[in-house]
Amino acid sequence: MDAVLTEEALERWGRRIGAEAHTPLVIALRGDLGAGKSTLARAVAHGAGVEGDVPSPTFNLVFRYDTPRGVQVQHLDLYRLEDPDEVWELGWQELGAPDELVLIEWPERAESLLPTPRWEVAIEDEGDPASRRVHARPVGDPPPLPAFDGGGA
Ligand SMILES: Nc1ncnc2c1ncn2[C@@H]1O[C@H](COP(=O)(O)OP(=O)(O)OP(=O)(O)O)[C@@H](O)[C@H]1O
Ligand SMILES: [Mg+2]
């Protein structure tokens, strides 16, 4: 799936992922600084029923949320990881439990340890400050993601 999305459309897609996608679901979120990874992760968390703030986990590396629909949202930001083996301290071994929705920013920091099946979502700033190219690709056989709005799947 590939589309150019406004921030609003990206957030709408994220909320649908959170509300509709089956678990366990792991999404690796790729893109430069400021691409929109946290924007999408927050929308997924809110769609799954997380209420209130979803702060950026940059300093904590991982935030966990329970939701009323019984989904556990795990939002990781590996930007500050210095060695891939540090992920074991973050509960990495247990990632992808049946009720989990796992969002990983800066997955390249632990490339060889990424769980499969998963979705790879890449967000790219192509020069228009209000839109991003978004590309989603399955690795293995993860549960389906909703299509982008307007059938741009
Ligand atoms: N179409 C769009 N999709 C997502 N974000 C957009 C879009 N258009 C503009 N933006 C803006 O781009 C910024 C994205 O910031 P965000 O924190 O989500 O990036 P990030 O990829 O998580 O960066 P970092 O690597 O620093 O964690 C926000 O300020 C957001 O308002
Ligand atoms: Mg971020």
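For the stretch 1-89, the solvent-accessible area of protein heavy atoms averages 49 Å² per residue (probe radius 1.4 Å; ligands and nucleic acids excluded).
The phi-based Karplus calculation (6.51 cos²θ - 1.76 cosθ + 1.60; θ = phi - 60°) puts the 3J(HN,Hα) values of the stretch 107-123 at x, 4, 5, 9, 3, 6, 10, 5, x, 10, x, 7, 9, 9, 10, 10, 10 Hz, whole numbers, x for Gly and Pro. Apolar share of the accessible surface for the chain: 48 percent from carbon plus sulfur atoms, 1.4 Å probe. Net charge in the neighbourhood of residue 8 (other residues with Cβ under 15 Å of its Cβ; Lys, Arg +1, Asp, Glu -1) is +1. Are there any chymotrypsin sites (Phe, Trp or Tyr not before Pro) in the stretch 53-153 that are in a DSSP loop and have at most 12 other Cβ atoms within 10 Å? List them by number. Those that pass, being in a loop and sparsely packed, are 59. Less than 14 Å Cβ to Cβ from residue 127, Lys/Arg counted +1 and Asp/Glu -1: what total charge do the surrounding residues give? In short, -3. Here the sum of -39500 (n - 2.57) over DSSP H runs of 4 or more residues, divided by the residues of the chain, equals -5000 deg cm²/dmol at 222 nm, to the nearest 500.
Taking one quarter of the surface of the convex hull spanned by the alpha-carbon atoms of the chain gives a direction-averaged projected area of 8.4 nm².
Net length available on complete extension from residue 60 to residue 82 is 6.5 nm, with 0.36 nm assigned per residue and the Cα-Cα distance removed.
Restricting to Cα pairs below 8 Å that are 6+ residues apart, what does the relative contact order work out to for the chain? Please round to a whole percent. 36 percent.
The values are calculated or read from the model by the stated rules, or taken from the named source; none is laboratory data. Values in this document were obtained by computation on a predicted structure and should not be read as measured data. Heads up, the Cβs are rebuilt from the backbone with ideal geometry, glycines too, and the neighbour counts pull from every protein chain shown. With ligands, DNA and RNA removed, areas are computed over all heavy atoms of the protein, side chains included. Shrake-Rupley method; radii C 1.70, N 1.55, O 1.52, S 1.80 Å.
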